[in-house]
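Scroll down for the structure; my scribbles are underneath it.
The values are calculated or read from the model by the stated rules, or taken from the named source; none is laboratory data. Remember, predicted model here, so these are calculated numbers, not experimental data. Neighbour counts are summed over all protein chains in view; Cβ atoms, including those assigned to glycine, are modelled from backbone coordinates with ideal geometry. Remember, those area values only see protein heavy atoms, side chains included, never the ligands or the DNA or RNA. Shrake-Rupley method; radii C 1.70, N 1.55, O 1.52, S 1.80 Å.
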Amino acid sequence: MRVNDLVLGLASLGLGSAVIVLAAGFPSPPQQAYGPALFPTLIGAGMAACGLVFLFHWATTSRGSTAVSLPDWWRSHSARLNVAALVAAPVFYLLAVERLGFVLTAFVCLAALLALFHRRIAFALVTAAVVAPLAFAVFTEILLVPLPLGSLVEPLIR
Amino acid sequence: MASTLEALNLLLQPGVIGVILASAAFGLFMGAIPGLTATMATALLVPVTFFMDPVPALAAIVTASAMAIFAGDIPGTLLRIPGTPGSAAYVDDAYAMTKAGRAELCLGVNLCFSAAGGLIGAIVLLLAAPQLAKFVIRFGSFEYFWLAMLGLTCAAFISSTSLARGALSLLIGLLISCIGIGVTTGFPRFTFGQIDLMGGVNFIPTMIGAFAFSELIRSVSSAKAAPLGNLKPIGNLLQGIAATFRQHWQRFTLGSIVGTMIGILPGAGSTLAAWVSYALSRKFSRQPEAYGKGSIEGIVASTSANNAAVSGAWVPALVFGIPGDAVTAIAIGVLFIKGLNPGPTIFINSPEVIDAVLISFLLANLLMVPFGLAFIKLSRYVLQVPKEILSPLILLLSILGAFAINNTLFDVGVMLVAGLVAYVMEENEIPIAPAILALLLGTSIEENFMTSAIKSGGSLLAFFERPVAGVLGVVTLSLWACPILLHLIRRGRALAPLRD
């Protein structure tokens with residue numbers, strides 16, 4: 001998603017100003033010269049300055065450019081679907097892993113993405129069925145990372 | 001000499017050799033997977049070292065961390081996903097070389113120059129440890145502040161697009177580093193009541209998201225069916241290395257020396273070493289425009305630097321008990337557990353420990369070449385797999401890597417958001433590298449600035465009073481002023497003929 005310098009400049013200016021406003025609400029410690037507001041204020045000012053540079057650049061060179069242009073792949077239905085699935089997978093993981101547990105959630109994510117990208121359902125299911133438990137075993141047993149068993153699944157196992 | 005012989009005797013036992021080989025394999029694996037870092041590898045080794053004597057325990061840590069820092073180059077080169085933060089500085093150049101069909105040369109360079117850089121670092125550690133430590137102990141918050149600012153300046157100038165975009169990226173990174181409970185004041189900033197944000201945004205999930213997830217978006221959205229890596233059989237990795245060395249030995253020396261020096265500084269490790277070497281190499285380069293597009297000069301400098309920094313980090317750790325980086329912080333803990341107190345007394349009471357660390361570094365960097373060769377060839381087979389199959393697997397690994405750092409799902413969310421933001425930034429030619437480095441250094445900069453300001457009672461002139469701080473400060477400010485001055489001079493020259 002490309003934006004032109006006008007939008008970029010306005011966004012930087014807006015973000016910088018918002019940061020400065022928020023930082024103004026931070027308390028200042030009584031005996032110190034500088035408090036928690038200093039750095040955010042400087043950062044906000046810097047962002048606003050960058051925004052002004054972009055606006056100046058837009059005003060002097062590229063006035064005619066389109067404000068927001070979608071990427072080339074947006075035109076392809078399959079590419080849109082691929083990206084949507086890629087973004088949906090971690091979201092699904094975040095929502096489901098505590099209940100379903102790592103193995104089931106990873107299986108669903110892998111199987112769905114493999115089936116969508118590679119278009120061979122049997123292969124997707126088999127690969128996901130192998131990789132999900134394997135990853136669970138490696139990460140929990142060898143690397144000692146506490147992957148969730150899942151609140152719905154755990155009573156069945158124990 | 002007696003202590004060296006004793007150290008050799010302790011190390012060259014079959015059991016210890018076995019431990020070194022196993023930790024080498026472990027370090028390679030941990031470094032090669034994005035999200036699993038050298039620090040994590042070391043942390044996971046600690047329970048294993050409980051059962052070992054001090055010398056093999058330290059040898060295991062040294063070997064694993066040295067291998068991991070090299071192994072981070074492999075996915076960076078082949079997939080544009082740095083395996084460890086230390087490889088992030090030159091990931092664009094390395095990937096560009098892969099796309100141009102020169103992956104073998106790039107990987108071979110990474111391997112051999114990492115090993116050589118690590119050896120240089122080990123030799124410097126051996127020769128100069130006590131002297132260097134005497135200099136660095138005088139560094140205070142003023143010096144650390146300017147050093148971190150210098151690091152940020154280098155990052156902004158590395159970006160090849162407009163300076164304003166580089167600066168914006170830097171500021172975004174700094175803003176993210178402000179999130180959380182404030183450094184010196186304890187006040188929560190930009191947390192919006194979220195408990196998970198109190199500790200700030202973690203660097204590793206952000207890096208995985210910014211580099212791995214955004215690359216995945218690009219990969220799945222492009223129509224090309226070609227696999228992520230090229231299908232050519234693995235060529236000779238060592239071909240062309242001698243020629244590269246003859247051409248770029250100055251870069252190698254620069255990278256190794258700078259890397260060791262930065263490694264010696266407490267808190268500054270292989271990541272900063274790689275960035276600074278890359279920026280310096282570019283500054284002195286005759287072809288700076290090639291950087292970011294496949295310049296091997298930059299790769300030579302930074303890949304030697306990050307491995308040299310691994311050895312350099314042990315100097316303050318052994319001499320003062322102050323960690324040079326996160327890995328040595330853990331190693332110091334291990335030393336305490338073993339009843340060896342790091343500090344000047346260790347040179348007197350247990351000199352064989354110092355020698356064991358040195359010999360382990362020499363062994364690890366020598367082992368790196370055969371192990372690394374074998375490992376690279378194995379990793380290439382993974383990339384013969386078409387990207388449609390690899391992408392979901394990499395996504396799963398990214399989720400796991402992001403989760404594994406703090407064992408919190410929040411970091412998976414951070415990875416997702418960072419990936420989306422980084423994708424949009426790169427679509428608009430805003431580089432993400434300065435943001436990542438700013439996120440890493442932001443806390444240190446603010447903490448050192450605040451500490452210095454408190455010490456000086458709010459006076460800004462105090463930042464230039466101490467000699468080293470003054471020099472670093474002037475260098476940093478002139479780096480900032482240069483492009484603006486040059487721009488004004490150029491505009492003045494362009495306008496001059498019009499005036500006449």
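General remarks:
- In Å, descending, principal axis extents of the Cα set of the protein assembly as shown: 77, 69, 56
- Whole-percent carbon and sulfur share, accessible surface of the protein assembly as shown, 1.4 Å: 70
- Estimated from helical segments only, the mean residue ellipticity of the protein assembly as shown at 222 nm is -24000 deg cm²/dmol, where each DSSP H run of four or more residues counts as -39500 (n - 2.57).
- Length-normalised contact order for chain B - Cα pairs under 8 Å, 6+ apart - percent: 27
- Look at the alpha carbon pairs under 8 Å that are at least 6 residues apart: their mean separation over the length of chain A gives a relative contact order of 21 percent.
- Alpha-carbon centroids, the stretch A:90-157 and the stretch A:1-20: separation in whole Å: 39
- Of the residues B:Pro370, A:Trp73, A:Pro155, the one whose Cα sits farthest toward the positive end of the charge dipole of the protein assembly as shown, with +1 on the Cβ of Lys and Arg and -1 on the Cβ of Asp and Glu, is A:Trp73.
- Chains A and B together, accessible area buried on both sides, 1.4 angstrom probe, square angstrom: 5100
- Cα-Cα P(r), chain B, percent of pairs per 10 Å interval: 4, 19, 30, 27, 14, 4, 1, 0, 0
- Once Rg and the Kirkwood radius are both taken over the C-alpha atoms of the stretch B:256-359, their ratio Rg/Rh works out to 1.13.
- In a DSSP loop and with at most 11 other Cβ atoms within 10 Å, the trypsin sites (Lys or Arg not before Pro) in the stretch B:239-330 are B:Arg286.
- Loop sites in the stretch A:1-98: trypsin sites (Lys or Arg not before Pro), DSSP, at most 10 other Cβ within 10 Å: A:Arg63
- In Å, descending, principal axis extents of the Cα set of the stretch B:360-500: 63, 50, 40
- The Rg/Rh ratio for the stretch B:419-500, using Cα coordinates for both the radius of gyration and the Kirkwood hydrodynamic radius, is 1.16.
- For B:Ala2, net neighbour charge (Lys/Arg +1, Asp/Glu -1) across residues whose Cβ lies under 14 Å away: -3
- Based on C-alpha pairs under 8 angstrom that are at least 6 apart in sequence, the stretch B:277-327 has a relative contact order of 28 percent.
- Where chymotrypsin sites (Phe, Trp or Tyr not before Pro) fall in DSSP loop in the stretch B:433-500, at most 12 other Cβ within 10 Å: none
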